[in-house]
1. Under 10 Å, Cα contacts only: if you run a Gaussian network model on the chain, which one of 230, 95, 344 comes out with the highest mean-square fluctuation?
2. For region 228-297, with equal point scatterers placed on the C-alpha atoms only and solvent neglected, what are the log10 I(q)/I(0) values from the Debye formula at q = 0.17, 0.19, 0.29 1/Å, to two decimals?
3. For every other residue with a beta carbon closer than 9 angstrom to the beta carbon of residue 106, add +1 if it is Lys or Arg and -1 if Asp or Glu, then tell me the sum.
4. Longest exposed-loop-site-free stretch of the chain, with GluC sites (Glu not before Pro), DSSP loop and at most 14 other Cβ within 10 Å?
5. What's the longest piece of the chain with no exposed trypsin sites (Lys or Arg not before Pro), counting a site as exposed if DSSP puts it in a loop and it has at most 12 other beta carbons within 10 Å?
6. Give the relative contact order (percent, whole number) for region 98-222; include only Cα pairs under 8 Å separated by 6+ residues.
7. Whole number in Å², please: accessible area per residue of region 248-361, 1.4 Å probe, ligands, DNA and RNA not counted.
8. Please report the antiparallel percentage of the DSSP beta bridges confined to the chain, to the nearest 5.
Amino acid sequence: MIDKVRVGLIGSGFITAIHTEALRRCPDAEILAVASPTRNNAKRFAQRHKIPRAFTDYRKLLELADIDLVIIGIPNHLHCQVTLDAAAAGKHIVLEKPMCLNLSEADRMLSACKRARVKLMYAEELCFAPKYVRLKQLLDSGALGTPVLLKQSEKHDGPHAPHFWDVNRSGGGVTMDMGCHAIEFFRWMLGRPPIKSVYAQMSTHVHQKKTRGDDNALLILEFTNGVTALAEESWTKLGGMDDRAEVHGSKGVAFADLLHGNAIETYSSVGYDYAVEKAGSTVGWSFTIYEEIWNYGFVHEMAHFVDCVKHDKSPIVTGEDARAVMEVLFAAYESAGTGRKVLLPFRSDAAKPFDLWRKRG
């Protein structure tokens, strides 16, 4: 058994900074290197976080013999090739959502990791968020009876980086960016039964000048066990991140608000430094979050993945789960494009989910 899991970071943006902070709280992890194609970005990130080595070519990082695990936090269209290269280098992988751009890429990534006998772990933090973990415990214990309806919503005023707005790099809009969270959340909450059908409605109301992708979406999933799940996704909600879930059962109901319930209700006439992710202003009333990455589940997520590598365990969110989410995303964009419910299993040779939405009149 290795003493510490030695980590390399591929990417130097917003999500990589969060992963870095989460890994710093994990005593079994040690960050040895970061790679970013922009030289100054990699160098500055390494200096800011006291990381020994910085590279502009991620393949140089993969050549390091002392790296056990790589965390991939880069634009969606780059996920496939970097994962293939990491697997070929014998590195275990934590991959940010969504998995990739299409189902063909997903299958290639799974095959490569299986051949190389490396773990492909899917970074779905909602499965580690403490409040949602407790929500699942309530459901699993029978406290709510038999599940009937699940809801999950994630809303803010739009992404922080240009690549999210470009459907050729991202693969789609808010459904691709945040609907993937809800899909895996529902699967995880219910013990991952098969999904029978998907119905979706998508629109672009506010950000037409920035993207051809959807900025608002509703998804209805029907599971084979009879449970219905509703996901609400928005890039048009002002005032900061909003993330909440509901479980309705035959013997009870539970509501979980990931951020507001853990916030300090604050009024300031002049504003202050930071309230919560995506909050555009802190003047007036705001919800001041504390221990934000803990509430999101990032600390628990990284500790789990590091433990899986250190002790050769199977992760609770896998590459196969990521591929299942991709299938639902394609079905959702097909549904929004045709105006019809789509049955699963669903196969598409489209290059990206957005292409199926183009069918709308």
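1. Maximum fluctuation in the GNM of the chain, among the listed residues, is at 344.
2. Debye curve over Cα of region 228-297, log10 I(q)/I(0) at q = 0.17, 0.19, 0.29 Å⁻¹: -0.71, -0.83, -1.34.
3. Net charge around residue 106: -1.
4. Between exposed loop sites, the widest span is 64-290.
5. 118-208
6. Computed over region 98-222, the figure is 22 percent.
7. Ligands and nucleic acids excluded, the result is 48 Å² per residue.
8. Roughly 60 percent of the beta bridges in the chain run antiparallel, per DSSP.
The values are calculated or read from the model by the stated rules, or taken from the named source; none is laboratory data. Quick caveat, the model's predicted, so the values are computed rather than measured. Every residue, glycine as well, gets a Cβ built from its backbone with ideal geometry; the counts of neighbours run over all protein chains shown. The accessibility values were calculated without ligands, DNA or RNA, using every heavy atom of the protein model including side chains. Shrake-Rupley method; radii C 1.70, N 1.55, O 1.52, S 1.80 Å.
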